[in-house]
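First the structure, in the form of structure tokens, and then the observations on it.
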Amino acid sequence: MSGIDEPLYPIAVLIDELKNEDIQLRLNSIRRLSTIARALGEERTRKELIPFLSENNDDDDEVLLAMAEELGMFIPYVGGVEHAHVLLPPLEGLCSVEETCVREKAVESLCRIGSQMKESDLVESFIPLVKRLAAGEWFTARVSSCGLFHIAYPSAPEPLKNELRTIYSQLCQDDMPMVRRAAATNLGKFAATIEQPHLKTDIMSMFETLTQDDQDSVRLLAVEDCAALGKLLEPKDCVAQILPVIVNFAQDKSWRVRYMVANQLYELCEAVGPEGTRTDLVPAYVRLLRDNEAEVRIAAAGKVTKFCRILSPEIAIQHILPCVKELSSDSSQHVRSALASVIMGMAPILGKDATIEQLLPIFLSLLKDEFPDVRLNIISKLDQVNQVIGIDLLSQSLLPAIVELAEDRHWRVRLAIIEYIPLLASQLGVGFFDDKLGALCMQWLKDKVYSIRDAAANNVKRLAEEFGPTWAMEHIIPQVLDMINDPHYLYRMTILHAISLLAPVMGSEITCSKLLPVIIAASKDRVPNIKFNVAKVLQSVIPIVEQSVVENTVRPCLVELSEDPDVDVRFFANQALQATK
């Protein structure tokens, strides 16, 4: 083959692969459409490649999905924005296929192309495409059309705008629930492009139609429209037209719709404003917190702190707090868990007195919950309460519960407590810490679960950083070093790990005088795992100690280990010896 033809050869292969029977080859070729287009040039891409792709839309879903994605980024390859309209036919075909993810990607690509097209091209090519899809025989085309109106509408002349609003209104009343769902999903985006007078009339009548739909899957999507439309309407119109809908939805016969209201409540409050929230949404929210469906209570409980932020503390204490008390002993563990994950955030909102009187008993009952996730969620947010009630009260009321949880039978709960200890230590101060929590930190180094022992070693290091080497020398180092003689080799390994973490914090002098002799002694251990961990620890202390110590103490020990019968010990010893050079 001559040199001139060579660059075109891989392109010919890619074009052939577009027609290959093997799906993987077709997929590979589609993903490299931009390479083919660059080689063909803009004109041939417009006249040959794009028509070929338009005819080729009955392929496997995976290939079509890749094609829909590629075409969205194809404007530069067809000659820029003035030729963007040539990309519409293949994407129009993809908007009607059965597979949802292909249609969604095609709509996304059409939106990307449409937002870059010139106004005249939108009127000539894009708006007719939207109208064809909206009148499509298959519901799939009508579903896709709903996602394109917000791109088409702003550029349309007035008569076309009226027509587009009428078409969208028909889609909101389509026979197929899937089409009505798509219309409900996209109503907020479409409404954002519409002029204020039409917003109050046409869009609100479409919205009303969707809110009264007999399918709960359509109504629950209309809940999201409440928040979107509320931001577009003036406050008085919002209270008059959106607020009654939200209140009705909060009592809807379908739990899915009520769940959606509970999930979206904060956004709905923002749309309605403080007055409407206080008079109408607080009672609606209280009903949701007491809903007979656990899923609705979970969604409502998860929003309790955000909702209380909008209210005055008095209203929160009067209306919301009684419900919170009930939820803390809810029959569903998932409701209690959702509450536990946010309830700590209520402390700063309610203030010190209300927190001590009302919230502390709830915290304590959740800390003793039988379900580990509930306990975990409370532990991880304790610092929010500490900021409000102060450390003295926290230590009196919550610390006994924390000590109890430190020995919890679920290792994840113990792990959460360990991770919280350095923060607790910094808040409690050194004196209090020594009395109550010091022994626990040592106890965790001998836990049956590796993750706990590993976290305990890190915890010891963080405590040494928090309280300083002098404190660590007195309270941590002696107890840690005592454990190196434990009969169980796994515990001896944990201590070696702890020593390697403590050495950088303690500094060269203490490492040489206290830690290094223990490491060297451990190199004579009978268990190979201990010996190769000694080699790793020695490698980590090389940068900390002086060169003379490396030569006189560390290196001879590593040389001895490098001649060990065990292959792993020799490997790590040699690796460490490399670091001494």
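The one condition from (1) under 28 Å from SER144 (Cβ atoms); (2) buried (at least 17 other Cβ atoms within 10 Å of the Cβ) that VAL272 does not meet is (1). Here ARG375 clears all of (1) at pLDDT 75 or above; (2) of a type in the set (Lys, Arg); (3) open to solvent by 20 Å² or more (accessible area, probe 1.4 Å) except the condition numbered (3).
For the stretch 41-95, filtering for residues that are open to solvent by 40 Å² or more (accessible area, probe 1.4 Å) and not charged (D, E, K, R) leaves 11.
Close contacts from the stretch 309-332, counting a first residue that is within 14 Å of MET346 (Cβ to Cβ) and a second that is part of a loop (DSSP other than H, G, I, E, B), with Cβ to Cβ under 9 Å and a gap of 6+ residues or different chains, come to ARG309/GLY345; PRO313/GLY351; HIS319/LEU311; ILE320/LEU311; CYS323/ARG290; LEU327/ARG290; SER328/ASP369. Summed over the stretch 248-269, residues that are crowded, with 22+ Cβ neighbours inside 10 Å and either assigned to a helix (DSSP H, G or I) or among the polar types (S, T, N, Q) (or both) total 10.
Any residue in the stretch 559-575 that is at pLDDT 85 or above sitting within a Cβ distance under 6 Å of a residue that is acidic (Asp, Glu)? List the pairs, counting only those 6 or more apart or interchain. Close Cβ pairs satisfying both conditions: ARG570/ASP564. The set of residues in the stretch 209-243 being without any contact (Cβ under 8 Å) to a residue 24 or more places away in the chain and either assigned to a helix (DSSP H, G or I) or buried (at least 18 other Cβ atoms within 10 Å of the Cβ) (or both) consists of LYS236, ALA240.
Which is open to solvent by 30 Å² or more (accessible area, probe 1.4 Å) and without any contact (Cβ under 8 Å) to a residue 12 or more places away in the chain, of LYS581, LYS536? Walk me through it before giving the result.
On the way: LYS536 fails: without any contact (Cβ under 8 Å) to a residue 12 or more places away in the chain.
Criteria check complete, one pass: LYS581.
Number of residues in the stretch 463-480 that are in a helix (DSSP H, G or I) and surrounded by fewer than 18 Cβ atoms within 10 Å (Cβ to Cβ) equals 9. Of the conditions (1) at pLDDT 80 or above; (2) exposed (fewer than 15 other Cβ atoms within 10 Å of the Cβ); (3) assigned to a helix (DSSP H, G or I), ALA300 clears all except one; give me its number. Exception for ALA300: condition (2).
Looking across the stretch 105-130, the residues that are buried (at least 17 other Cβ atoms within 10 Å of the Cβ) and more than 34 Å from the chain's Cα centre (by Cα) come down to MET117, ASP121, LEU122, SER125, PHE126, ILE127, LEU129, VAL130. Please work out if ILE544 is open to solvent by less than 60 Å² (accessible area, probe 1.4 Å) and outside any helix (DSSP H, G or I). The answer is yes for ILE544.
The values are calculated or read from the model by the stated rules, or taken from the named source; none is laboratory data. Here the structure is a predicted model, which means the values were calculated and not measured. In this analysis, Cβ positions are derived from the backbone assuming ideal geometry, glycine residues included, and neighbour counts consider all displayed protein chains. Accessible surface is based on the protein model in full, side chains and every heavy atom, while ligands, DNA and RNA are left aside. Shrake-Rupley method; radii C 1.70, N 1.55, O 1.52, S 1.80 Å.
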